[in-house]
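Since the structure comes first, as structure tokens, the remarks are kept for the end.
The values are calculated or read from the model by the stated rules, or taken from the named source; none is laboratory data. No experiment lies behind these values; they were computed from the predicted model shown. All Cβ positions, glycine included, derive from the backbone under ideal geometry; neighbour counts span all protein chains shown.
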């Protein structure tokens, strides 16, 4: 099928050609400059995108479940509604990524990057419950209102501020 990937702001064509799917197109063009690519609602489940440059990409609603995003540049990427379940984000540059507040997988990765001793035992218990059971905001608020503000503060200090901002809005 004819695949054409455009830059989300300029409309310039980034990649064009005949491919089996968008996923195969991206896998075969990992070294292409995909910064700012419009991949809104793309089906990339299970894709091997290791090392791809997706800085500033529009990944809203994209299905990335099970994708290998190790060492991917996601700086400034829009992750609103993206399915990131079971993605591998080790080494991914998430600086400035946005709209990840509902992503348990970004939460897991951001926690994983912290030193173990920055969280208390009670906070580790909350982190475990949130990640294992993939709790929604209402459940988090009801069950862990005494410990999550500190967790979110630590993550905000590490560059992941959306959870703290949202927490302060829903209090």
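List of remarks:
- Region 7-20, subset touching a residue at least 24 places away in the same chain (Cβ under 8 Å) and part of a loop (DSSP other than H, G, I, E, B), residue farthest from residue 78 (Cα to Cα): 10
- Cβ pairs under 9 Å, 6+ apart, first in region 21-38 and modelled with pLDDT of 90 or more, second in a helix (DSSP H, G or I): 34/26; 37/26
- Only residues that are out of contact with any helix residue (DSSP H, G or I) (no Cβ under 6 Å at 6 or more places or on another chain) and crowded, with 17+ Cβ neighbours inside 10 Å were counted across region 16-45, and they come to 12.
- Subset of region 75-102 [in contact with a helix residue (DSSP H, G or I) (Cβ under 9 Å, 6 or more places away or on another chain) and within 20 Å of residue 165 (Cβ to Cβ)]: 79, 84, 94, 97, 98, 99, 100, 101, 102
- Residue check, residue 126 in contact (Cβ under 8 Å) with a residue 12 or more places away in the chain and in contact with a helix residue (DSSP H, G or I) (Cβ under 9 Å, 6 or more places away or on another chain): yes
- Yes/no for residue 69 being in contact with a helix residue (DSSP H, G or I) (Cβ under 7 Å, 6 or more places away or on another chain), without any contact (Cβ under 8 Å) to a residue 60 or more places away in the chain and within 20 Å of residue 37 (Cα to Cα): no
- Restricting region 160-171 to residues that are more than 14 Å from residue 104 (Cα to Cα) and in a helix (DSSP H, G or I), the residue that is modelled with the lowest pLDDT: 170
- Hey, residue 79 touching a residue at least 40 places away in the same chain (Cβ under 8 Å) and in the same structural domain as residue 41 (by TED's automatic domain parsing) or not: no
- Only one of 48, 71, 58, 63 that is within 15 Å of residue 98 (Cα to Cα) and under 19 Å from the mean Cα position of the chain (by Cα): 58
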